[in-house]
Amino acid sequence: MYRQMTVFGLTIDPFTNSPIMILKDSDGEKSMPIWIGLLEATAIASELEKVQFSRPMTHDLLKNILDQMGARVAKVEVCDLKNNTFYALIHLLMGDDKAMTIDARPSDAIALALRTASPIFVADDVIERSVKVDAGAKEEVPGDEGKKWTDILENLDPDDFGKYKM
């Protein structure tokens, strides 16, 4: 089953200095971190902050191409987590209502979803497994460490996030 989520914010992992995107469901019951690259974090942050560039960035270009082709993003799904790597699907509807699904990194899929105001869904089992993930680890983080991340994420307040530095 899938749960609709939104980008709650971006932060930096204090141990690895890697950007982390925090997704949270509308009920505020579930949260999950996804470690992402700096360029993807910049693309997400610029859209969250409504920063306008003089020329289209990559995700803006993709949106413009889809618009010109008469395609729209129906939804984005974070569908799997394998070996500390998240997987996502972009669901497109073409002008004649032909459906198409494209494999993507979650950060790219979500950057596009933000630009197209498309819903973001995450598989329930991915949410449950994600709080046990450590950015530098090759395996899931056991028990107490996973619970620590769950507690941190579920008690986040928007004021805990500063402006993401691009």
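Every read-out reported here was derived from the displayed coordinates using simple, explicitly stated rules and does not represent laboratory data. All of these numbers come straight from a predicted model, not from anything done at the bench. Note: ideal-geometry Cβ built from the backbone for every residue, glycine included; neighbour counts use all protein chains shown.
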Practice task
Can you tell me the order of 86-94, 100-108 when each peptide is scored by its average per-residue count of other Cβ atoms within 10 angstrom, highest first?
Solution key: 86-94, 100-108
Practice task
Decide, for the stretch 2-136, between rounded, prolate and oblate: order the square roots of the alpha carbon gyration tensor eigenvalues as a ≥ b ≥ c, take rounded if a/c falls under 1.5, and otherwise choose prolate if a/b is larger than b/c, else oblate.
Solution key: oblate
Practice task
Post the alpha-carbon centroid distance, the stretch 110-126 to the stretch 25-74, in whole angstrom.
Solution key: 9 Å
Completion exercise
Checked against the positive end of the charge dipole of the stretch 2-136 (+1 on Cβ of Lys and Arg, -1 on Cβ of Asp and Glu, about the Cα centre), the farthest of V7, L61, A113 is L61
Handout entry: Shape call, the stretch 47-113: gyration tensor on alpha carbons, a/c limit 1.5
Key = oblate
Handout entry: FRET efficiency, 1/(1 + (r/R0)^6) with R0 41 Å, evaluated for I102 and S54 via beta carbons
Key = 0.90
Problem - Loop sites in the stretch 1-94: trypsin sites (Lys or Arg not before Pro), DSSP, at most 15 other Cβ within 10 Å - result: K50
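So how strong a dipole does the stretch 1-44 carry about its Cα centre when Lys and Arg Cβ are +1 and Asp and Glu Cβ are -1, to the nearest 20 debye?
That gives the stretch 1-44 a dipole magnitude of about 40 debye.
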